[in-house]
């Protein structure tokens, strides 16, 4: 009986000069079957899309310098550069309004309102140290059109499906984009133990072997 | 009019409160403790080359976590002062040694620190290194580091001096062994 198996695939460090779909084809094509789902780390997708900048390239505004002071130290927006990078994508006043609302919500005991209102990039940005060398001195944005990237992977490699995922060692997994028919929550559950490893840039691809078979059997069992 | 005045007063109080919050929050503040470094020891000696190493601790003595984006050594030995050796130097984290001279950006929580190993390689331009080292002089070495924390990034440096006497003693110790 087929079982789910997670197979991390090691690659060279991918850069903005690479195409993520070409890279998956180069390193993993022979190991991908029609029942498999290919998942790829979101930060590496973003890097191959050239969605990164550095503190030296940013000029933080007065608002960014003040607002970053209200973000807890571990957050990627706690530096004025992380905050400015998010503002460049989501808009300065949107971020400002989200922060005001977030502060009020916090006073009322509700957390997370800032990130809900500030836009996708506010939650996805990785500040300096968020990725491996040579991008450890960069701020990396979230990927563009993750579902489109997933569809492209499926189309090119003939797998059952594909996903772009944000997973870390703190048991937090979010699937940002999937091919039609896949359940992002189910995939997040499968990837929760971070099979990409701590240094996800070295193993940015994880093949979920036998996914289609296992899910079909589980559904058949559920239906009685 | 009273309403307008109340609004202005409220705005002033709000700005004052935010300013006070930021001032009280403070920022990261880094220092490489060059005055507390270990003596240079001779790590390797060949006919033409001598490699020395010492340890230097650093600390974030500020009130916020900070990131060392980059750190490197800058040795200062102009040929006008000593033309006997060529110098190369590097530093690496003691906890994560690497020999490529690349410093991986590192978050340093407030009031904590780590240690770097500073390596200096002296290569004789002519003849043997033992002979060349007799002409060696005191050599300043800056540890240069780029910091980013709550405020804007900046580059700072702390200077130590690799003493000629220290080099001679380290070489003599090795010769004696």
When segment A:158-170 is examined, which residues are found to be modelled with pLDDT of 95 or more and within 27 Å of residue A:131 (Cα to Cα)? A:161, A:162, A:163, A:164
Taking the condition of being within 14 Å of chain B (Cβ to nearest Cβ), within 27 Å of residue A:46 (Cα to Cα) and out of contact with any strand residue (DSSP E or B) (no Cβ under 8 Å at 6 or more places or on another chain), how many residues in segment A:95-129 meet it? 2
Residues that are over 21 Å from residue A:21 (Cβ atoms): find the helices (runs of 4 or more DSSP H) completely inside segment A:131-224 holding 3 or more of those. A:184-190, A:211-222
Looking for something in contact with a helix residue (DSSP H, G or I) (Cβ under 8 Å, 6 or more places away or on another chain) and farther than 21 Å from residue A:179 by Cβ - is there at least one such residue anywhere in segment A:22-44? no
Per the filter on segment B:134-155, residues away from every other protein chain (no Cβ under 14 Å) and assigned to a strand (DSSP E or B) are B:139, B:140, B:141, B:142, B:143, B:144
Which condition does residue A:95 not pass, out of (1) under 30 Å from residue A:24 (Cα atoms); (2) buried (at least 24 other Cβ atoms within 10 Å of the Cβ), if it passes all the others? (1)
Whether any residue in segment A:84-94 is within 13 Å of another protein chain (Cβ to nearest Cβ) and either at pLDDT below 95 or more than 28 Å from residue A:178 (Cβ to Cβ) (or both) is what I want to check. yes
Within segment A:52-77, the residues that are facing chain B (nearest Cβ under 10 Å), modelled with pLDDT of 95 or more, over 16 Å from residue B:154 (Cα atoms) and part of a loop (DSSP other than H, G, I, E, B) are none
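Conditions (1) away from chain A (no Cβ under 14 Å); (2) exposed (fewer than 15 other Cβ atoms within 10 Å of the Cβ), marked per residue:
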site	(1), (2)
B:35	yes, yes
B:42	yes, no
B:48	yes, no
B:62	no, no
B:73	yes, no
B:82	yes, no
B:87	yes, no
B:94	yes, yes
B:97	yes, yes
Here are the criteria: (1) more than 14 Å from every other protein chain (Cβ to nearest Cβ); (2) touching a strand residue (DSSP E or B) at 6+ places or on another chain (Cβ under 9 Å); (3) at pLDDT below 90. Tell me which single one residue A:147 does not satisfy. (3)
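The values are calculated or read from the model by the stated rules, or taken from the named source; none is laboratory data. Please read these numbers as outputs of a predicted model, since none were measured by experiment. Note that each Cβ is placed from the backbone with ideal geometry, even for glycine, and that neighbours are counted across all protein chains shown.
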